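Written below as structure tokens is the structure these notes are about.
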Amino acid sequence: MAVKKHLKPVQIETSDACETLFVDILGSCGRTRICLVYRPQSYTYDQNVVLVNLIREKLCSVSKCCVFGDFNFTHINWQMYESNVTSERYFLQCIMELNLKQLVVEPTREMNILDLCLTSSEDLVAGIEVRETFSTSDHCVLS
């Protein structure tokens with residue numbers, strides 16, 4: 001994550017159990033928490049619970065946040081916020097508790113939306129675009 005100095009970035013401490021990065025930035029509208037996530041497709045249910053609980057813990061106390069990352073949830077219907085997979089339903093429950101909206105509407109790998117942009121306010125993110133794959137990745141780039 002690259003953040004301009006004038007936004008006064010402050011990294012939020014977390015355990016090393018998950019591949020996440022949480023940073024608070026200060027803009028003209030106050031503090032916003034930004035989170036980057038990589039969730040391997042091989043995560044077990046228990047590993048998924050640890051990740052979801054970390055996201056819940058780090059975001060429940062902030063009013064403005066954005067979460068970006070590769071979540072590798074292949075069975076979520078993002079139009080309905082539904083899934084038949086238990087670990088995905090647990091994630092969706094957290095997203096709904098935190099009142100986050102998922103903004104990516106096009107597939108990012110094959111026919112799946114695996115790379116997400118979740119936000120507490122759609123005003124924080126403008127013009128999400130799904131672009132071609134980058135380098136050796138099999139996922140499309142979000143910009």
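The values are calculated or read from the model by the stated rules, or taken from the named source; none is laboratory data. Model, not experiment: these values are computed from the prediction. Virtual Cβ from ideal backbone geometry, glycine too; neighbours counted across all protein chains shown. We work out accessible area using only protein heavy atoms, side chains counted, and drop any ligands, DNA or RNA first. Shrake-Rupley method; radii C 1.70, N 1.55, O 1.52, S 1.80 Å.
Key figures
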item: Residue in the stretch 35-53 that is farthest from Cys18 (Cα to Cα), counting only those that are open to solvent by 20 Å² or more (accessible area, probe 1.4 Å) and part of a helix (DSSP H, G or I); result: Tyr45
item: Unmet criterion (only one of (1) closer than 21 Å to Glu129 by Cα; (2) modelled with pLDDT of 95 or more) for Ser83; result: (1)
item: Residue within the stretch 57-68 that is open to solvent by less than 70 Å² (accessible area, probe 1.4 Å), within 16 Å of Arg89 (Cβ to Cβ) and not β-branched (Val, Ile, Thr) present; result: no
item: Hits in the stretch 2-18 - residues which are farther than 30 Å from Asp46 by Cβ, open to solvent by less than 70 Å² (accessible area, probe 1.4 Å) and in a loop (DSSP other than H, G, I, E, B); result: Val3, Pro9
item: Selection from the stretch 121-141 of residues that are open to solvent by 40 Å² or more (accessible area, probe 1.4 Å), modelled with pLDDT of 85 or more and within 15 Å of the chain's Cα centre (by Cα); result: Glu122, Leu124
item: Positions within the stretch 21-34 being out of contact with any Lys or Arg (no Cβ under 8 Å at 6 or more places or on another chain) and surrounded by 14 or more Cβ atoms within 10 Å (Cβ to Cβ), in sequence order; result: Leu21, Ile34
item: Residue identified as modelled with pLDDT under 95, under 13 Å from the mean Cα position of the chain (by Cα) and not small (Gly, Ala, Ser) among Asp70, Asp16; result: Asp70
item: Filter result (within 24 Å of Ser143 (Cβ to Cβ) and out of contact with any Asp or Glu (no Cβ under 7 Å at 6 or more places or on another chain)) within the stretch 70-80; result: Phe71, Asn72, Thr74, Trp78, Gln79
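Residue by residue, here is whether (1) within 19 Å of Leu36 (Cα to Cα); (2) in a loop (DSSP other than H, G, I, E, B); (3) of a type in the set (Asp, Glu) holds:
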{"site": "Lys58", "(1), (2), (3)": "yes, no, no"}
{"site": "Ser63", "(1), (2), (3)": "yes, yes, no"}
{"site": "His75", "(1), (2), (3)": "no, yes, no"}
{"site": "Gln79", "(1), (2), (3)": "no, yes, no"}
{"site": "Arg89", "(1), (2), (3)": "no, no, no"}
{"site": "Val104", "(1), (2), (3)": "yes, yes, no"}
{"site": "Leu118", "(1), (2), (3)": "yes, no, no"}
{"site": "Asp123", "(1), (2), (3)": "yes, no, yes"}
